[in-house]
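Visitor: Before we start, here is the structure in question, set down as structure tokens.
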Amino acid sequence: MNRRNLIVISVIGVLVVVFVFTRCARSTSTQFQTATVTRGPITQVVTATGTLNPVVNVQVGSQVSGNILKLYADFNSKVKANDLVAKIDPMLFQAAVTQAEGDVASAQAALELAKLNAARTQRLFEQKNSAQQDVDQAMANLHQAEANVKIKQGALDKAKADLEHCDIRSPVDGVVISRNVDVGQTVAASLQAPVIFQIANDLTKMQIDSNVAEADVGVVTVDQDVDFTVDAFPQRTFHGKVVQVRNAPIVVQNVVTYDTVIGVNNDELKLKPGMTANVSIKIAQRDSALQIKNAALRYRPADVTPNPTRSTSSSGQRPRGGGAHTPERTVYIVSGGRPKPVQIKTGISDGINTEVTEGLKEGDRVVTAEISSASPSSSAAPNPFGGGRRFP
């Protein structure tokens, strides 16, 4: 076989391969994955995380420095207001009171002497046996003695107050959450009072301090219902209400959030301080809404250029927060084997489904994706590279 025949055979083989692949490509048809427009309940929520805390959490400290002589409460102890919970060694403070009492007694004696001198000088002056200067000096000494008594009395009152502060008492009824000292430990009350106990006023009433993103805080208002879960009870959903949206921003690494306080009823005492709560704040709810899958809002045919001016999130939800948005959207239904655009108006979204307020009716089927499949004629075409395998 000469070289010319080999070239002819090679060209014929290439043409056969091209023909087979062209036939397979032509026999491939585009099919569409669709979803039915249904009616049912839908709820739009704002999600956040937060920490469970007692509504009233009192930090009990010490106004004086010294050694802890005795503790009368421990973790989880129930205490009443004015109950003695700890005692600081009072020896040094008792000595200070004794010294201050002596100073007051000395000042009072000096005051009595100044009074006698002032009266004597006044009588001598009236009898022309003393000068006016002597009278003035005696009166000045009397006033100084009176002032010194007040100074010493103030020092005594302070010493007594410090002695009383050795007895540390609970300011509220509640339960001790934490104890931060032990017997014999020294507490130093210099610039800041050391915290000895943390006492929760009422653990049946708690709150969640949740961090809501600035994009969502515009739609969060007081009295909205809240569902949340904690890791300790993953199969149970707890409930609460928004009681406060604080205006102070919290900025962490250029991320701005706002503290949203959620009131929680904890009658069963299952929720404990410090637990992390995964919060869902109910923004809006429809009991019987016409809805479509969010995938239908994201779908665009291959030959359609997306409109860059249309604000659409990757999940197909409405823009979050309270800002303006455009509820008009475009979805596609199959008509004559081709996707046909339909203009609709949308409402709330739960992240999976979106409410349709206008443009569709229940039972319509909207396109969510394109899928390519081979026609029956192509299934009979052999694969020249697959040893008898078929094209998918």
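Visitor: Could you please tell me the mean projected area of the C-alpha convex hull for segment 157-290, averaged over all directions and given in square nanometres to one decimal?
Guide: Values: hull surface 54.9 nm².
Taking the Cα atoms of segment 157-290, their convex hull projects to 13.7 nm² on average.
Visitor: Please report Rg (one decimal) and Dmax (integer) in Å for the Cα set of segment 209-278.
Guide: 13.0, 39
Visitor: Mind jotting down the three principal axis lengths of segment 53-117 based on Cα atoms? Whole angstrom, largest first.
Guide: 67, 26, 17
Visitor: All other residues with a Cβ under 10 Å from the Cβ of residue 334 taken together, and with Lys, Arg as +1 and Asp, Glu as -1, what is their net charge?
Guide: On the way: positive: 338, 340, 365; negative: none.
Overall, the nearby charge balance is +3.
Visitor: Quick one: grab Rg to one decimal and Dmax as a whole number for segment 94-249, Cα atoms only, in Å.
Guide: When restricted to the Cα atoms of segment 94-249, Rg and Dmax are 31.8, 102 Å.
Visitor: Something else now. Multiply the residue gap between residue 15 and residue 116 by 0.36 nm, knock off their C-alpha separation, and tell me the result in nm, one decimal place. List each step's numbers first, then the result.
Guide: Numbers: separation 101, 0.36 × 101 = 36.36 nm, distance 13.80 nm.
Contour length minus the Cα-Cα distance gives 22.6 nm.
Visitor: Roughly how far apart, in whole Å, are the Cα centres of segment 95-174 and segment 241-306?
Guide: Here the answer is 68 Å between Cα centres.
Visitor: Next up: FRET efficiency for residue 267 and residue 328, Cβ-Cβ distance as r, R0 = 45 Å, nearest 0.05?
Guide: Values: r = 48 Å, r/R0 = 1.06.
FRET efficiency, residue 267 to residue 328: 0.40.
Visitor: Order of 186-193, 198-205 by packing, highest average Cβ count within 10 Å first? Let's see the in-between values first.
Guide: Working: 186-193: 11.8, 198-205: 17.2.
Highest to lowest by the protection proxy: 198-205, 186-193.
Visitor: Lysines near residue 340 by alpha-carbon distance under 23 Å, same-chain residues fewer than 8 away left out - which ones?
Guide: 293, 361
FYI, it's all coordinate maths here, none of it is from the lab. Note that the structure is predicted; figures quoted are calculated from it, not measured. No Cβ is skipped: glycine too gets one built from the backbone with ideal geometry, and neighbour counts run over all protein chains shown.
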